[in-house]
Amino acid sequence: MTLRSAGALFLIALVFGVAIDWSHCKVVQFIFGDSLSDVGNNQYLSKSLAKANLPWYGIDFGSGVPNGRFCNGRTVADIIGDTMGLPRPPALLDPSLNEDTILENGVNFASGGGGILNETATYFIQRFSLYRQIELFIGTQELIREKLGAKAADKFFQESLYVVALGSNDFINNFLMPVSGDSWTYSDDSFVTYLVQTLQAQITLLHSLGARQLLVFGLGPMGCIPLQRVLSTNGECRDRANKLALSFNQVASQMVDDLTSSLPNASFRFGDAYNVVDDLIKNPSKYGFTNSDSPCCSFGRIRPALTCIPASRLCKDRSKYVFWDEYHPSDSANQLIANEMIRKMGFSRPNLSPAPSMAPAPES
């Protein structure tokens, strides 16, 4: 079985409170997520409408050319992983990926438009939902077992680190859309329950596949992203969307705690940066920003221009804008979010390698 056939089928290091002998192995990450964590998978999905393959994406990352990240620079996972001295996991669909690369760097399964629910963002045509990403992880495991043998492979996967960072698309590109079937089926509270119950089943499945150290990212104030503001009647944050994010975080955090208590050897954590992002948006000057309500990359007065394109105009100082495009934070905002996660969660460096420079070019 080849890696490409597995591709045809989406953690950051922290103190989990478990004793691990790091001396015999290199710790790697397996990242499951959406466009906030995608490092190029969607670029290889030929029919996907959710891609970051045009300038000016990646302008502040390495060589400055698009690399699949939905940002001008780094993702939050990039920054925290760099700080921890962890290798950056390449995209699963990267043609250069092989078994040795997986053992050395882990894998990123994240996919722009991906959701916890299979029905989320179907109009993007191609994207990996979380269940699909887990299927791809199972294919990856088969490759490593063939190379190492079952016992060594199980040890490798149990000592690896896992990130699960999805959920906003399930609201913005599903439940909050009037044409969505889920919007007619569920109330706000019952949809959050449905979503978290689905996520619980997925995390439990990952545990059965060897995930013992896992971090679930919470949602930020998604009602304040530029797209939601421009779709509102007054240009302000959409309160309902923000309340849904807070509700999700509360229910999901309790679910993660419950799983840690009930699953054998599980050390799961919930990372919540909602408050600091909310404060950043309300008080940007407090953090050195000048704009927190519109995208740095926009098509003049024509909004929403859902993606950044070569004809778009860039703001004068990208470091002063909280948002890069209509959906996604800028590199500078991601740095602030990552710093908050590091502060709150207590990350450590499991590997002895030095942290990369601020924005190294992706490996060719």
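The values are calculated or read from the model by the stated rules, or taken from the named source; none is laboratory data. Given the structure is predicted, the values throughout are model-derived calculations rather than measurements. All Cβ positions, even for glycine, are placed from backbone atoms using ideal geometry, and neighbour counts span all protein chains on display.
The table that follows gives values for the structure above.
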| item | result |
| --- | --- |
| Cβ-Cβ under 8 Å pairs, at least 6 apart or on other chains, segment 127-144 side under 15 Å from I203 (Cβ atoms), far side among the β-branched types (V, I, T) and modelled with pLDDT of 95 or more | S129/I116; S129/T120; L130/I116; L130/V164; F137/V107 |
| Residues of segment 98-126 that turn out to be in contact with a Pro (Cβ under 7 Å, 6 or more places away or on another chain) and buried (at least 22 other Cβ atoms within 10 Å of the Cβ), as a count | 3 |
| Qualifying residue in segment 237-257 (condition: of a type in the set (D, E) and within 20 Å of G33 (Cβ to Cβ)) | no |
| In segment 59-90, the residues that are buried (at least 24 other Cβ atoms within 10 Å of the Cβ) and at pLDDT below 95 | I80, G81, L86 |
| All positions within segment 265-302 that are touching a Gly at 6+ places or on another chain (Cβ under 7 Å) and among the small types (G, A, S) | S267, G271, A273 |
| Qualifying positions in segment 267-291 - part of a strand (DSSP E or B), under 21 Å from the mean Cα position of the chain (by Cα) and under 22 Å from G73 (Cβ atoms) | G271 |
| Residues of segment 262-293 satisfying the condition of being among the hydrophobic types (A, V, I, L, M, F, W, C) and closer than 30 Å to L199 by Cβ | L263, A266, F268, F270, A273, V276, V277, L280, I281 |
